[in-house]
Structure formats: C-alpha cells, structure tokens
Amino acid sequence: MEKCVLAFSGGLDTSVCVKLLEEKYDMEVITACVDVGQPEDEIKRPQEAAEKIGSSKHYTIDAKDEFAKDYAFRCIKTNALYEGYPLSTAFARPLIAKKIVEIAEKENATTIAHGCTGKGNDQFRFEATIRSESDFNIVAPVRDYNLTRTEEQEYAREHGIPLPSEKIYSIDENIWGRSIEGGLLEDPATPGPEDIYAWTKSTIDAPDEPQIVKIEFVNGEPVKLDDEELNPVSLIRKANEIAGEHGIGRIDMIEDRIIGLKSRENYETPGAILLITAHSALEKLIFSREEIKFCERLSEKYAELVYNGLWNEPLREDLDVINDHMQKRVNGVVEVRLHKGSMKVITKQSPCALYNEETVSFDDKELIDQREMIGMVKYHDIQGAEYHKVCKRN
C-alpha cells in the first residue's frame, strides 16, 4: 500500500480526507499539522482527531519561529498589502507545504494530499510549492469528488468520523492574522457580527485613554516594543495584543480570489497593521523619492506573488535581494498613537534619515540660498507652458 502524507488540521475537510484516501485511493495515510501560531487547542485537536480517525502516524511540526522570522517579517520589510490588507494565510501556506514535503520524503511516501476545495486560493498555494519542491503526486479528495459541505458531513457520519465542533464560520489563524469567512458573512449586505472577532476590541469597548507605542527597527525588522527587546514570535504577539486592545486591525472587504471569484472576507491583523504602518513611515524618512516610488511598486508586486501562491517564483527572490539591500538603512524608532480604532504615527527618527532640519528650516539662509532657485523655477513645467501656447494658436 502506498503512503500518503496529508496536511491535516483536524477540521471537517481534512478529517473526511483521511477516510477518502483510504477508501477511494487505497492509501496508508500519515497526517501532519504545521504549527505557525494557531491557538493551542488547534494544535492538540489534530493529534486527537488523527488518533480517533485512524491515521497510521501523526506529526506536529513547530514552525512558529521560522514563520515569524522568514515570512511574517518579509511582509513587514516589503509593506506587502494585497488589495489593502496584510496577508497572513497566504504567507503561511508555502512554509506549511515545505514542511509537508519534508515529512513525505522522510516517510518515503508517493503522494501528498490536502483538503482544499476547488473554489479557494489554497489549492494554488499548496500545489505550486509542492511541485516546485518535489515530484510527489498530489491529490485533493474534496475537490476531486466535488463535495459540498453537507455531503462531507454526511460522509463523516456514515463512516464514524468524529465531527469537529460545528462552527458557523470558517476561520484560519496564525500568529500574523486571522481570516473569518462563510456562514452569514457570505452576504455582503449583512454586517459582520461582533462574535467573529477574537483579537480586537470594538471601538466602543476600547480604552478611553490613547496609548503611544514605540517601535525600534534594525535592518527593516522590528526588534523592540516600548524599549523591550523581543524575539520575532513574542514581538508579533505583543503587537497583536497592544493594537487589538485599541480596536486596530479589523478588515471587512470584497476580495478578488485567484480564480476570479469575488468573496467577502473578514480579517483581524492588528499587529501586522501596526508594524507595517510604522515601518512604512520610517522608510519615508530614510529613502529617496525614487526609492519610495519603487517601493510602492515592489510592495504591490510582492503581495500579488505571495497571494497567488508564487513563493518560489524567481522574481520573488529577486525582489528580496533588492529589498534586503535597501533595508540595511531602515534603522530607527517610530512612535504610534493608538486610540479607539485610529492609529497615527506621531514621531520618527533615524541615523540614516535623508531629512535635514537645518536645510528645510525657514530660518536658514546659509545652507540654501533662496535666490539660486530663480532659474530652476523659471523653466519648471516648460512643456506645460509650450502646450498652452500651441492651444492658443490653434
């Protein structure tokens, strides 16, 4: 019997996949859960579920540190926003896929399986990474058999598969963010209820007093919060707590999926928004005008590549090389004021700043002689002037 490694969360889709792989594909199933900062019960649940369902072996891989340093911090350094929001699930999928490939190689498996449907983005993200990292066969039972959620539930009952607690929403969570979709949220005309949020307070419940948080960056990466040096995982978690307490990081949007479907998505990314906002503000103090314009294009393209599952696209690596060189100068401290859902950068300082207070001051007349601007101003927009002369003649 051939071995198959299944990316396993213990939810309905992947629980059903265990039996489908045994019954329909005649495979020995090994389950694996990759920890990228899910809640503790979502790490224990796959282990327990795998034992109850009967997988031959189960792995739990702790990848939190790697995810924080090599993936989430990449999001900060590139200010990567897809259609306006910080990516969390999309950054985690390539790492999860890489770890599943490692388990499959260790177990001498022939196949890797996942529980993605045919309507979502994750099928692209998992399979693009798996195929670029290995030659394993890939199967997706829920997609292969075109199963609906109701059909999956019926199959689970018929085969004695313990159903996870009935959730109204589909939630994906890691240390960088939470995504919430499904149920009544599928109707864009229905307001998102308060119970979908777990990391952020409403603006009503947020503290009346504002808070100022100080963030220090070295080589474009956050290293301290309020003068406390923290490792990447701890820093992200603390940023989530601070920003979430003040109602920062709630996003309700219509998103364009890879296959072209529009979907209503809700996200909680308090720490990500706080850190990216501070990082972007520091860059504007340090980078030249041309670098800032380039970074805007880099950010958009980087987010697009990650969202589309193209982590192993050479261009993504090329952009990292360019950006890493630029980020060597992104050193400094930013202070951000948080208050009832609003966030404002109030101070920023850096030893690498291009800003020069002496030259920009209205009281200076030594460093920049204003009279030297006369010739420069005279011919500014000369093409516009010539254009209007042509218009008057004709």
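The values are calculated or read from the model by the stated rules, or taken from the named source; none is laboratory data. This structure is a prediction, so every number in the text was calculated from the model and none was measured. In this analysis, Cβ positions are derived from the backbone assuming ideal geometry, glycine residues included, and neighbour counts consider all displayed protein chains. Surface areas here come from the heavy atoms of the whole protein model, side chains and all, with no ligands, DNA or RNA. Shrake-Rupley method; radii C 1.70, N 1.55, O 1.52, S 1.80 Å.
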Worksheet item: Based on the alpha-carbon gyration tensor of the stretch 198-289 and its eigenvalue square roots a ≥ b ≥ c, which shape applies: rounded if a/c is under 1.5, prolate if not and a/b is larger than b/c, or oblate?
Response: oblate
Practice prompt. Sort the stretch 142-235 into rounded, prolate or oblate with this rule: let a ≥ b ≥ c be the square roots of the eigenvalues of the Cα gyration tensor; rounded if a/c is under 1.5, and if a/c is not under 1.5, prolate when a/b is larger than b/c, oblate otherwise.
Written response: prolate
Worksheet entry | Between the stretch 295-362 and the stretch 170-191, the Cα center-to-center distance that results, in Å | 28 Å
Worksheet item: Do any trypsin sites (Lys or Arg not before Pro) in the stretch 249-296 lie in a DSSP loop with no more than 15 other beta carbon atoms within 10 Å, and if so, which?
Response: Arg257
Worksheet item: By accessible area of protein heavy atoms, probe 1.4 Å, what ranking do Val139, Val330 get, highest first?
Response: Val139, Val330
Worksheet entry | Those GluC sites (Glu not before Pro) in the stretch 139-191 that DSSP places in a loop and that have at most 13 other beta carbons within 10 Å | Glu166
Item to complete: Grab the DSSP H runs of the chain that are 4 residues or longer, score each as -39,500 (n - 2.57), total them, divide by all residues and round the 222 nm result to the nearest 500 deg cm²/dmol.
Response: -13000 deg cm²/dmol
Fill in: Among Leu20, Leu261, Leu310, residue whose mean-square fluctuation peaks in a GNM of the chain (springs only between Cα atoms under 10 Å)
Leu261
Item to complete: On the full set of protein chains, 1.4 Å probe, figure out the accessible area of His380 and give it in Å² to the nearest 10.
Response: 150 Å²
Worksheet, complete the sentence: Set Lys77/Lys348; Lys119/Lys262; Lys64/Lys214; Lys238/Lys348; Lys328/Lys348, cut-off 19 Å on Cα-Cα distance; pairs above it are Lys64/Lys214; Lys238/Lys348
Practice prompt. Can you check what the net charge comes to around Lys99, using other residues whose Cβ is under 14 Å from the Cβ of Lys99 (Lys, Arg +1; Asp, Glu -1)?
Written response: -4
Discussion item. From the protein chains alone at 1.4 Å, what is the descending order of accessible area for Val218, Val233, Val321, largest first?
Written reply: Val321, Val218, Val233
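Kindly identify the stretch 291-346 as rounded, prolate or oblate by the Cα gyration tensor criterion: order the square roots of the eigenvalues as a ≥ b ≥ c, call it rounded if a/c is under 1.5, otherwise compare a/b with b/c, prolate if a/b is larger, else oblate.
Oblate shape, in that a/c is at least 1.5 and b/c is the bigger or equal ratio.
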Discussion item. At 1.4 Å probe radius, can you tell me the per residue accessible area of the chain in Å²?
Written reply: 51 Å²
Worksheet item: Given a 1.4 Å probe and the protein chains all in place, what does the accessible area of Lys238 round to, in Å² to the nearest 10?
Response: 50 Å²
Response to the item:
Heavy-atom accessible area of the chain with neighbours in place, 1.4 angstrom probe: carbon+sulfur share in percent works out to 49 percent
Discussion item. Students often get this wrong, so try it: which of [x] 0.93; [y] 1.07; [z] 1.18 is Cα Rg over 2.2 N^0.38 Å as calculated from the structure shown?
Written reply: [z]
Worksheet item: What accessible surface, in Å², does a 1.4 Å probe find on Asp35, ignoring ligands, DNA and RNA and rounding to the nearest 10?
Response: 20 Å²
Practice prompt. Give a residue-ordered list of calculated ³J(HN,Hα) values for the stretch 89-104 (Karplus: 6.51 cos²θ - 1.76 cosθ + 1.60, θ = phi - 60°; whole Hz; x for Gly, Pro).
Written response: 4, 4, 6, 7, 4, x, 5, 4, 4, 4, 5, 5, 4, 4, 5, 4
